[in-house]
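The values are calculated or read from the model by the stated rules, or taken from the named source; none is laboratory data. Quick caveat: nothing in here was measured; it's all calculated off a predicted structure. So basically every Cβ, Gly included, is an ideal-geometry build from the backbone, and we count neighbours across all protein chains shown. For the accessible areas, the whole protein counts, side chains as well, though only heavy atoms, and no ligand, DNA or RNA atoms are used. Shrake-Rupley method; radii C 1.70, N 1.55, O 1.52, S 1.80 Å.
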Amino acid sequence: MSNDFLRNVGPVPSVELSANDMATQLAEQVASSLEPGHHDHTNRASVRVLRPRRAAPADTIRPTRAEVNLAHLRHNLRVVEKTLATTNSKPPAVWGVLKADAYGHGSAAVARTLERAGMPGLCVALLEEAIELRDAGIRIPILVMGGYYGPRREGLEEILARDLVPVVYDAGHIERLGMLAHFDDDGRRVGVHLKVDTGMGRLGVSMSELDDVLDALDARPHVRLDGLMTHLACADAEDLEATRHQLSLFQKALGRVRARGFAPRYVHIANSAAVLRMPETHFDAVRPGIALFGVSPVASVGNDLKPVIRIRTEIVSTRTIEAGQAIGYGHSWRATRQSVIATVPMGYADGLDRKLSNAGHALIRGRRVPIAGTVSMDMTMLDVTDIPGARIGDEAVFLGGQEGPLGRDVITAEEIASTTGTIPWEVLTSISRRVPRFYREP
Ligand SMILES: *Cc1c(COP(=O)(O)O)cnc(C)c1O
């Protein structure tokens, strides 16, 4: 196992701070902010600088953890940028989508890496996610795509106070924002991106109501239309007919917006699939999510992407059982020969799908072994009969690659998704907060 390079950065859930640590830090923060002259460097007792605590894997008790390879993240950004450069004379801006804790990778560390790599903007689903990134010190524009700002004014006030970019899709949004911005002390205008529904049927102004929303924008000079966007429902499908239809509706909407005298600087519709296979969807900016994390939504493209996360644990117990003996909840697995069973401390509460019971695999010593029996909440059993010498402390990989004395193999999010009947997006976002994320910065 590699102890080098691994460190743990960023706010919860990726920093391992005990409740006591946090209480102490908070007390120190309060104390230092109250003390006069706390900027005085000679007054050592009062100078408190909070740094992200670096944790070594040895700091965690349980050997189950997620290793996030930030070099692979940067590599995937370059792959996306290269794709865009070869198909566009003026390549669009890449705004990485970091919703759901950056697809389970830890949004603060991911955002920091992408910001340093020159990414001009980010997208999240929730206002809460945007606030988390601002709290982590991220300075680049953040687009809040979910369009939900709560029933009271606090949500929109946060948008203004933290300089976030709201997605709007109805006149109410625009009126409320316009009121707030109007009474804003700085007299600032707020830039918004308008979402149009071209066939996703989820959020977005319909084509028939577009003019009403544009009227609302006309009536609110403090609200500026900076962006026009839509979301594609079928960009990863074999048949691109539905996507072409969405594209043509969007072109119509864009035409109407421009005819009304608006000039949105950012026109964007492309998710990862569209980025990789449909240059006609690129416009001024693109919004790839999963491709940045090394998963291509379309098998025929994006083969040079590298998975970013790797989930590993270690064998904590082994036993030899006789033919005919059953193991685990419900005795769903029964030995057909004398067998060696290894127990690993990772279960469905960590995001290991229960549908992997008697169906999924792990890698041990570089070779694939089957999950034996029912995945339980905190533990899983593996049939290691064919792994000579398997013993306590051996690494077990549930997602990602492994090289060992018996060979090398890889378990991808796509493979897990096809076993459990879901999609790689859900596999990645299901890795629970109980699994500490460690960041590899080679
Ligand atoms: C999630 C999402 C994306 C990114 O999708 P990927 O398929 O992961 O690239 C882009 N736009 C919107 C509106 C989204 O919700």
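Taking the range 198-219, which residues are open to solvent by 60 Å² or more (accessible area, probe 1.4 Å) and touching a helix residue (DSSP H, G or I) at 6+ places or on another chain (Cβ under 9 Å)? Matches in the range 198-219: 200, 209, 212, 215, 219.
Residues checked against (1) over 19 Å from residue 397 (Cβ atoms); (2) among the basic types (Lys, Arg); (3) buried (at least 20 other Cβ atoms within 10 Å of the Cβ); (4) in contact with a helix residue (DSSP H, G or I) (Cβ under 8 Å, 6 or more places away or on another chain):
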| site | (1), (2), (3), (4) |
| --- | --- |
| 331 | yes, no, no, no |
| 334 | yes, yes, no, no |
| 341 | no, no, yes, no |
| 352 | no, no, yes, no |
| 364 | no, no, yes, no |
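The residues of the range 197-233 that are closer than 21 Å to residue 92 by Cβ and out of contact with any strand residue (DSSP E or B) (no Cβ under 9 Å at 6 or more places or on another chain), listed by number, are 200, 233. Any chance the range 278-286 includes a residue that's closer than 30 Å to residue 242 by Cα, without any contact (Cβ under 8 Å) to a residue 60 or more places away in the chain and assigned to a helix (DSSP H, G or I)? Within the range 278-286, one or more residues are closer than 30 Å to residue 242 by Cα, without any contact (Cβ under 8 Å) to a residue 60 or more places away in the chain and assigned to a helix (DSSP H, G or I). For residue 222, state whether it is away from the ligand (no atom under 16 Å from the Cβ), open to solvent by 70 Å² or more (accessible area, probe 1.4 Å) and either touching a residue at least 40 places away in the same chain (Cβ under 8 Å) or farther than 30 Å from residue 439 by Cβ (or both). So residue 222 fails the test. Just one of the listed residues (236, 184, 218) is more than 18 Å from the chain's Cα centre (by Cα), under 19 Å from residue 272 (Cβ atoms) and of a type in the set (Asp, Glu), and it is 236.
Each residue in the range 353-396 was checked for being acidic (Asp, Glu) and either over 20 Å from residue 65 (Cβ atoms) or in contact with a strand residue (DSSP E or B) (Cβ under 9 Å, 6 or more places away or on another chain) (or both), and 4 pass. Exactly one residue among 282, 268 is within 16 Å of the ligand (Cβ to nearest atom), within 30 Å of residue 95 (Cα to Cα), in contact with a Phe, Trp or Tyr (Cβ under 9 Å, 6 or more places away or on another chain) and not polar (S, T, N, Q), and that residue is 268.
Mind checking which residues of the range 73-93 are in a helix (DSSP H, G or I) and in contact with a strand residue (DSSP E or B) (Cβ under 8 Å, 6 or more places away or on another chain)? Listed by number, the residues that qualify are 77, 80, 81, 84. Look at the range 231-248: where a residue is more than 12 Å from residue 298 (Cβ to Cβ) and a partner is more than 16 Å from the ligand (Cβ to nearest atom), sitting 6+ places away or on another chain with Cβ atoms under 8 Å, you get 247/280. Taken residue by residue, the range 313-323 has at least one member that is within 16 Å of residue 400 (Cα to Cα) and not in a loop (DSSP other than H, G, I, E, B).
The number of residues in the range 290-315 that are within 8 Å of the ligand (Cβ to nearest atom) and either surrounded by fewer than 23 Cβ atoms within 10 Å (Cβ to Cβ) or without any contact (Cβ under 8 Å) to a residue 40 or more places away in the chain (or both) comes to 0.
One line per residue, one yes/no per condition, for (1) in a helix (DSSP H, G or I); (2) open to solvent by less than 10 Å² (accessible area, probe 1.4 Å); (3) in contact (Cβ under 8 Å) with a residue 60 or more places away in the chain:
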{"residue": "63", "(1), (2), (3)": "no, no, yes"}
{"residue": "66", "(1), (2), (3)": "no, yes, yes"}
{"residue": "71", "(1), (2), (3)": "yes, no, yes"}
{"residue": "95", "(1), (2), (3)": "no, no, yes"}
{"residue": "100", "(1), (2), (3)": "yes, no, yes"}
{"residue": "108", "(1), (2), (3)": "yes, yes, yes"}
{"residue": "111", "(1), (2), (3)": "yes, yes, no"}
{"residue": "115", "(1), (2), (3)": "yes, no, no"}
{"residue": "119", "(1), (2), (3)": "no, yes, no"}
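Can you find a residue in the range 250-257 that is in contact with a Cys (Cβ under 7 Å, 6 or more places away or on another chain) and either within 16 Å of the ligand (Cβ to nearest atom) or modelled with pLDDT under 95 (or both)? There is no residue in the range 250-257 that is in contact with a Cys (Cβ under 7 Å, 6 or more places away or on another chain) and either within 16 Å of the ligand (Cβ to nearest atom) or modelled with pLDDT under 95 (or both). Could you say whether any residue in the range 402-424 is of a type in the set (D, E, K, R) and exposed (fewer than 15 other Cβ atoms within 10 Å of the Cβ)? Yes; the residues of the range 402-424 include at least one that is of a type in the set (D, E, K, R) and exposed (fewer than 15 other Cβ atoms within 10 Å of the Cβ).
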